[in-house]
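Report on the structure given below.
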Amino acid sequence: MSAVTSEPTSQVTSQVMVDVHGVHKSFGTLEVLRGVDLQVRTGEVTVILGPSGSGKSTLLRTINHLEKVGQGWIAIDGELIGYRRSGGKLYELKEKDVLKQRTGIGFVFQNFNLFPHLTVLENLVEAPVSALRRPRREAEATARRLLARVGLDDKADAYPRQLSGGQQQRVAIARALALEPKVLLFDEPTSALDPELVGEVLDVIKDLARTGTTMIVVTHEIGFAREVADTVVFMDGGVVVEQGPPAAVLDAPRHDRTRAFLSKVL
Ligand code: ADP
Ligand code: MG
């Protein structure tokens, strides 16, 4: 299989939940990811920073197989994304198997992407019932528990348009959790919010971090990165320029590009 340059083997330990290996991605002649390597350990939070256009969203989308990689491979919990092995060879997964794989990877978008015609409760129940074949009663009980967790148990019967942006994003997080994902991906989850609503969403994400949810968060919220991230990754021009603990990357960056970026956002 041409897209996979070498298979994940012994270097994938059970400790690594997300393993991105030598990933390239182009749109036409524009090479957006130019060999990205990234490992996220189980239970850890990785925050990705970087200027607009550096490939952050594209990287998240390849992890979720919303975009196919051009070269390299991605594994979640040791399972190759988008491919299956058979008789020592690799084959592309069929669309229905991609969808199944994707249910194990939660994605929270900048613009919430709730189903507008469904109530909050139905937004949380829909995928577990249709994709995971959970009994409706069980899915509803889980949904109510998750809504309580994000502080919205009184909004089960509301429609998305009746909620503030911060509330809608908390519903979107609860909806992602309803599929019991192995990893949660956040693409600028607070960028579309009025400033006074940012905190309530970050608080929910912090709570998930405390309870050991494996997460990759693309954000410009440096304070959040400092407080919550186990690893901060700085991307620019489709590569990981540097990564490390927040104190190292944010307070003592080694690369000029990181320093230039931080001087603009801090
Ligand atoms: P970031 O999230 O860091 O701002 P993106 O991953 O969204 O960056 O985009 C990186 C580059 O890839 C940008 O130049 C963007 O215009 C381009 N790009 C992203 N998606 C597509 C697409 N579907 N088709 C063509 N170009 C794209
Ligand atoms: Mg983006």
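The values are calculated or read from the model by the stated rules, or taken from the named source; none is laboratory data. Only a predicted model underlies this, so the values are computations on that prediction, with no experimental measurement involved. Cβ atoms come from the backbone with ideal geometry, glycine included; neighbour counts cover every protein chain shown. Calculation scope for accessible area: heavy atoms of the full protein, side chains included, ligands and nucleic acids excluded. Shrake-Rupley method; radii C 1.70, N 1.55, O 1.52, S 1.80 Å.
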query = What number of residues within segment 99-111 are away from ligand 1 (no atom under 14 Å from the Cβ) and either open to solvent by less than 30 Å² (accessible area, probe 1.4 Å) or closer than 13 Å to Pro181 by Cβ (or both)?
reply = 8
request  = List the strands (runs of 3 or more DSSP E) that sit entirely inside segment 163-266 and contain at least 2 residues that are in contact with a Gly (Cβ under 6 Å, 6 or more places away or on another chain), within 16 Å of ligand 2 (Cβ to nearest atom) and not β-branched (Val, Ile, Thr).
outcome  = 231-236
Residue count, segment 106-145 (criterion: within 16 Å of ligand 2 (Cβ to nearest atom) and in contact with a Ser or Thr (Cβ under 7 Å, 6 or more places away or on another chain)) = 1
query = Looking only at segment 22-65, which residues are hydrophobic (A, V, I, L, M, F, W, C), more than 10 Å from ligand 2 (Cβ to nearest atom) and touching a residue at least 40 places away in the same chain (Cβ under 8 Å)?
reply = Val23, Val32, Leu33, Val36, Leu38, Val40, Val45, Val47, Leu49, Ile63
inquiry  = Can you report the number of residues in segment 177-197 which are within 21 Å of Val233 (Cβ to Cβ) and away from ligand 1 (no atom under 16 Å from the Cβ)?
reply    = 4
ask   = Quick one: which of Thr214, Thr219, Thr231 is open to solvent by 20 Å² or more (accessible area, probe 1.4 Å), closer than 24 Å to Val20 by Cα, of a type in the set (Ser, Thr, Tyr) and at pLDDT 95 or above?
value = Thr231
query = What tally of residues in segment 181-238 results from selecting those that are touching a residue at least 40 places away in the same chain (Cβ under 8 Å) and not acidic (Asp, Glu)?
reply = 32
message = So if I check each of Tyr91, Tyr83, which one is surrounded by fewer than 20 Cβ atoms within 10 Å (Cβ to Cβ), hydroxyl-bearing (Ser, Thr, Tyr), in contact with a strand residue (DSSP E or B) (Cβ under 9 Å, 6 or more places away or on another chain) and modelled with pLDDT under 95?
response = Tyr91
